[in-house]
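S.K.: Quick one: structure below, then a few questions.
The values are calculated or read from the model by the stated rules, or taken from the named source; none is laboratory data. As the structure is a computational prediction, the values presented were derived from the model and not from experiment. Neighbour counts run over all protein chains shown; Cβ positions are idealised from the backbone, glycine included. Please note that ligands, DNA and RNA were not included when accessible areas were found on the heavy atoms of the full protein model with its side chains. Shrake-Rupley method; radii C 1.70, N 1.55, O 1.52, S 1.80 Å.
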Amino acid sequence: MIDYKKHLKNGIIVAFSLYLVFLMVNFFLGRFDDGITAYYLWTSFWENFVFSMLLFVTNTIWFEYVTRKYKKTLFRPKPLTTAFFGHVVVSMLGIFTAHIIIYVGIHEKDFATVLKGGSAADYLISLTTSIVVVTIFYVIWYYKNRQDRRVKEQKIIAGAASAKFDALKNQLDPHFLFNSLNVLTSLIEEDPYQAQKFTTSLSKVYRYVLEQKNKELVSVDEELRFAKTYVRLLKMRFEDSIVFDIPEMENIPEAHIIPLSLQLLLENAVKHNIVMKTKPLHLKVFAEEGYLVVSNNLQEKQVVKKSSGVGLQNIRQRYELLTDQKVIIDKTASDFQVRIPMLKKQVSAVEGQKNYIEDKRYHKAKERVAAVKSFYGNLFSFCIVIPFLAFLNYKTTSFPWVIFPILGWGYGLAVHGLEAYRIHPLWGKKWEERKLRELMEDEHF
């Protein structure tokens, strides 16, 4: 809903401010050297007040309407054209109403005489000034909106990536527990004593799951030790129907993988293959060329329950969020093999930090170039439009109204330039960077 009270309040402030500027300009031009009357002050105040108030309020209300209606599509050709012509129409209505109020209400002239005596020049000057000011508003709004949109996009991207990674990690908890309980259910029926041992071992294994699932990476040796513990659980269930070849350690201290990846791959192999004494499943884990390889002989089940989609997809997606290295899957008629990258945690973190810093520098440089380019475009427009307005002012009236767009646009141009070149007029160009470093180095901050 449009806040009309807010626009009226702002209109009053703008009208008073412009009148003060009007008085100062006339004073410096020497127009008050012969004295000034109370009547002049009274009439000139109301003339300026009515014009400024009506033009400001009508244009700001229309501006708020179009920005609310079109939002992100405002700067497309059709909405922008509609907005521009809307400003022309409301400005003309505002100027016409102001003329009527001033000449009929203040100067007490006849309404019909005012209608006949109005000149096109009066409308043209006021309309041009209004359009110039409105254009400045649109430029400011565009850049503010673009910056806000960029910030929101970055927050959404970062939030989505974080949420996705957390969701993938949280899948492991119920997935592992559900499959372990299925095994326990089978053991209770077949061998209660083994079921009891399984429950004890399961509590130890599940503790590892809870401790490690929220980490990004764990050492390969740590994951191998856990895999051997998990294998003992499977051996309780399948006994001689499954054969494991898993090393105790790989002795590669800097090698890391995502947590529970081995458990997921071992579990998938058991889930999707026939495991019988007559057809034992052979599972082998070994390191090769920077990858940890999990291999099994392929003897797929003819009927398999629909997969939950956690296993391999979970591992792939978590690696995609951490590194460019891919999970490699090789499947032949007799074997199935998954190769997961072993990451050097320290090097990976440093490289990730360098890539992040380089990416941030690129985007920062790109934004700086865009800001400087925009400033030069604004400066070029200023150099073209202001001389035209000055010429129009010279040809139409002796009142130097051109000083208003010069001051307003010039101020905006100066602020634009300072922002584009990161210059603070009081504290210098590097003040912001110095203050940031000072706060970052303050231990009590």
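S.K.: Scanning region 289-337 for residues that are out of contact with any Asp or Glu (no Cβ under 8 Å at 6 or more places or on another chain), modelled with pLDDT of 90 or more and within 14 Å of Val270 (Cα to Cα), which turns out surrounded by the fewest Cβ atoms within 10 Å (Cβ to Cβ)?
M.R.: Asp335
S.K.: OK, next. Helices (runs of 4 or more DSSP H) wholly in region 3-117 with at least 2 residues that are modelled with pLDDT of 80 or more - which ones? Break it down stepwise before answering.
M.R.: Details: elements: 4-28, 38-70, 77-100, 111-117.
Of the helices (runs of 4 or more DSSP H) lying wholly inside region 3-117, those with at least 2 residues that are modelled with pLDDT of 80 or more span 4-28, 38-70, 77-100.
S.K.: Residue check: is Met236 at pLDDT below 80 and surrounded by 13 or more Cβ atoms within 10 Å (Cβ to Cβ)? First the steps, then the outcome.
M.R.: Values: at pLDDT below 80: yes; surrounded by 13 or more Cβ atoms within 10 Å (Cβ to Cβ): yes.
For Met236, the condition - at pLDDT below 80 and surrounded by 13 or more Cβ atoms within 10 Å (Cβ to Cβ) - is met.
S.K.: Right, here's the next one. Quick check on my filter: what residues within region 338-381 are modelled with pLDDT of 70 or more and either under 30 Å from Gln313 (Cβ atoms) or assigned to a loop (DSSP other than H, G, I, E, B) (or both)? Don't jump to the end; show me each part of the working.
M.R.: Of all residues in region 338-381, those modelled with pLDDT of 70 or more come to 338-344, 364-381.
Answer for region 338-381, where residues must be modelled with pLDDT of 70 or more and either under 30 Å from Gln313 (Cβ atoms) or assigned to a loop (DSSP other than H, G, I, E, B) (or both): Val338, Arg339, Ile340, Pro341, Met342, Leu343, Lys344.
S.K.: Can I ask one more? Could you run through region 84-106 and say how many residues are over 16 Å from Trp46 (Cβ atoms), without any contact (Cβ under 8 Å) to a residue 40 or more places away in the chain and open to solvent by less than 50 Å² (accessible area, probe 1.4 Å)?
M.R.: Of the residues in region 84-106, 2 are over 16 Å from Trp46 (Cβ atoms), without any contact (Cβ under 8 Å) to a residue 40 or more places away in the chain and open to solvent by less than 50 Å² (accessible area, probe 1.4 Å).
S.K.: In addition: When residues of region 244-285 are filtered for being open to solvent by 60 Å² or more (accessible area, probe 1.4 Å) and at pLDDT 90 or above, how many remain?
M.R.: The qualifying residues number 2.
S.K.: How many of the residues making up region 182-218 are open to solvent by less than 90 Å² (accessible area, probe 1.4 Å), without any contact (Cβ under 8 Å) to a residue 40 or more places away in the chain and of a type in the set (S, T, N, Q)?
M.R.: The total comes to 6.
S.K.: Checking the condition closer than 23 Å to Glu189 by Cβ and in contact with a strand residue (DSSP E or B) (Cβ under 9 Å, 6 or more places away or on another chain), which residue from Pro253, Pro280, Pro247 passes? It would help to see each step written out before you state the result.
M.R.: Numbers: Pro253 fails: closer than 23 Å to Glu189 by Cβ; Pro247 fails: closer than 23 Å to Glu189 by Cβ.
The match here is Pro280.
S.K.: In region 385-401, is there at least one residue being within 35 Å of the chain's Cα centre (by Cα) and modelled with pLDDT of 75 or more? Don't jump to the end; show me each part of the working.
M.R.: As a first pass, look at region 385-401 and keep what is within 35 Å of the chain's Cα centre (by Cα): none.
No.
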